[in-house]
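Presented below is the structure to which this report refers.
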Amino acid sequence: MATESSDRKQFFKRLRNKEAAEPEEMSFMGHLEALRWHLMRSVIVWLVAAIIIFVFRDWVYDNIILAPSSENFITYDTLCRFGHWLGIGDSLCMPPVKIRFLVTEVNGTFTSALSIAMIGAIIVAFPYIFWELWRFITPALSAKEKKYARGSIFWVSLCFFLGAAFGYYLLAPFTFNFLASFTLGTLGAIEYQPSINDYIDSLSNLILGCGIAFELPILAFVLAKIGFINARLLKKYSKYAFVIILLIAAIITPSPDITSQVIVALPLLLLYWISIQLVARVDRKKAKEEKEWS
């Protein structure tokens, strides 16, 4: 425990002073100036991506945004075929759903196009934004920590896009199918016509929420390297993590159905188990290095 506390103190000391990589200590204003330029470059790349998406907004809307609400979406047919292959009949087949969207504001379509462009640009520009953040943090790391973090941009981006794909291709179809087919009352006086802005917000929350949630193994790996956590700690608090994962699943999924929440919770539980394995590997490597030095 003393070693872990020392590791944390050393990391924050380097993060403040950047003594490991800079021959001259930068002032606080110097760090702010460096951070400002990193943020400016990130905003420029994000803005360029947003403009491109806005220019091709019709194609993006028809082929990407609207796809999960269409009865011809690839996930519906794939799951149905998979269920037949497993021999469970139509258990995984979802009924066709056709959603008609409603615009209730004068500038509704324009603001929707802006939302698509801005949120889509965050997803597209994510690797570059993280790279700029990484460039700002890197000088505070020691040579050993830089070696450990090699390839981090690739793995962080991969986990984010895997999570985004999971939210888009699997969770979104279940969510929208459930909400579109859910009925209230027996008189049939309710017509399901959600707002286009509500639909875009729900889809964005699913994609970004799953993308961020899938960063759990990377975050655990980094914290283990720094010395904040270890495998014993993760195993000790696993029951609390289970409850937190269920809460996260409930937050990510806009629909209240248990199926969508289970679909989110199971991968998160798997990611937590993977995190424990990664952290345990780090612990074994640290113990081996300490043994060699002693």
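Under a 5 Å amide H cut-off, with hydrogens placed 1.01 Å from N, residue 102 pairs with 195, 196 among residues at least 5 apart or on other chains. Between residue 136 and residue 270, residue separation times 0.36 nm minus the direct Cα-Cα distance comes to 45.1 nm.
Computed extension gain for residue 154 through residue 98, at 0.36 nm per residue and net of the alpha carbon distance, reaches 16.4 nm.
Excluding residue 69 itself, what net charge comes from residues whose Cβ is under 14 Å from its Cβ, given Lys and Arg +1 and Asp and Glu -1? Present the calculation step by step, with values, prior to reporting the outcome.
Details: positive: 98, 100; negative: 62, 71, 198, 201.
Net charge around residue 69: -2.
With respect to the cross-link table entries 239/285; 236/291; 235/291; 239/286; 225/285; 147/288, which display a Cα-Cα separation exceeding 21 Å? Don't skip to the end; give the middle numbers.
Values: 239/285 26 Å; 236/291 25 Å; 235/291 24 Å; 239/286 26 Å; 225/285 10 Å; 147/288 17 Å.
Checking Cα-Cα distances, 239/285; 236/291; 235/291; 239/286 exceed 21 Å.
Laboratory data are not the source of any read-out in this text; all were calculated from the coordinates shown. Owing to the predicted nature of the structure, the values given are computational and were not obtained by experimental measurement. So basically every Cβ, Gly included, is an ideal-geometry build from the backbone, and we count neighbours across all protein chains shown.
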